[in-house]
Each structure stands twice: as structure tokens, then as C-alpha cells.
Amino acid sequence: GLELVEASGRSWQLSQLLFADDTALVADSEVKLCRLVSEFGRVCERRKLRVNVGKSKVMRCSRDGGASRIGVRLNGELLEEVQCFKYLGSQVKMAFVETEVKSRVMEGCKVLGTLKSVRSCRTLGMEAKRGLYEGVVVPTVLYGAETWGVRAEERRRLNVFEMKCLRSMAGVTL
């Protein structure tokens, strides 16, 4: 699985991500992933659930890229190995999330543009503007952020966008 460590030092082992009828299984070796997929298949079968093998994918996340294909099977069928997949509306890939962050910031700019008359309204209070920002703009930009592994560059891009929004709401121009 994936080890998550809190600031306090407490650690958690994460082996699955669940949302509605979507599941992502995480393991740090091919053997562990095969075991996890097999157990997942058995649990689903016991609960009279059928896993669509055609829609089930395997993605390798390693720095060396791995020379050979991995052979993960479910119910005797080989799962397709992919370089990226869509989970909760976002592309999950081993490569950095630069394109996803750019896309979400562009969506945020579109929303910001549609709110221009509201942002520039002098009679509307800062609390109302902040409510629109936090309720509409932020969720638009951060949609799917749960799957992002951001680098300093993506963090900077998000910070620049946030400052642009805040300056705009406050009526400050550079």
C-alpha cells in the first residue's frame, strides 16, 4: 500500500480508494497488487457483485518505468496495464499533474470571468464576495485535487491564481 504520515508522526497504510462504485487498489509491489486484486475479487463475489474486468485497469507507478509488463489477473483474465486512467473526473498518471493543474486553473479563470460584475460591485460586501469565491471558484479549481501529487511549480501556479482572485475581490490592481 501507500504510507501516509501525519505531522505528528502517526502513519497510515492506504491500500484502496473508494468512491461510490469506483475503487482504486494501491500496492507497492506486483505480488502485493496481485494478492489485493484477488482478495477484492473474492470479496465482491461473496457479496454477489461483479467486477467489470474490461473496465478494470492496472497502472505501474515507479521511477524506473519498469521494463516488463505486469501480469495482474482477476477471475483468470489479465487486466490491461495503462499509463493513466480517469478517477473521479481527473486523469491519474505517473507523470506530474502539470496539465491537470493548468486545466483546473483555466476553469477557475472562466468562472472568475463570469463573476466579474459581482467581483467589481462596490456595494457588495467582502463577506458575500468571499462566499462566492469559497463556494464556487475554489471547488472548481480544486475538483479532483485528491489525486494530485503537486510539485513546487504546480503549487506556485495555484498560489498565483489564488492571489489573482483575492486582489480582484479587493479591487487591488498591480
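Structure notes:
- Reducing the stretch 96-174 and the stretch 1-55 to their Cα centroids gives an inter-centroid distance of 33 Å.
- The distance between label points at R156 and V172 comes to 2.1 nm (points 7 Å beyond Cα on the Cα→Cβ vector).
- Among the listed pairs K55/K164; K86/K110; K57/K110, a Cα-Cα separation exceeding 29 Å is found for K55/K164; K57/K110.
- Here the simple spin-label model places points 7 Å from the Cα toward Cβ, and for L18 and L49 these points are separated by 0.7 nm.
- Nearest-0.05 FRET efficiency for K116 and L142, computed from C-beta distance (R0 25 Å): 0.75
- Angstrom value of the Kirkwood radius, inverse mean 1/r, which spans all Cα pairs in the chain: 19.2 Å
- Helix 30-46 axis versus longest C-alpha principal axis of the chain: approximately 90°, rounded to the nearest ten.
- Available extension along the chain between S38 and S11 is 7.2 nm, counting 0.36 nm per residue and deducting the alpha carbon span.
- Rounded accessible area of L74 (nearest 10 Å², 1.4 Å probe): 10 Å²
The values are calculated or read from the model by the stated rules, or taken from the named source; none is laboratory data. Not measured: the values here are computed from a predicted model. So basically every Cβ, Gly included, is an ideal-geometry build from the backbone, and we count neighbours across all protein chains shown. These area figures cover heavy atoms from the full protein model, side chains too; ligands, DNA and RNA do not enter into them. Shrake-Rupley method; radii C 1.70, N 1.55, O 1.52, S 1.80 Å.
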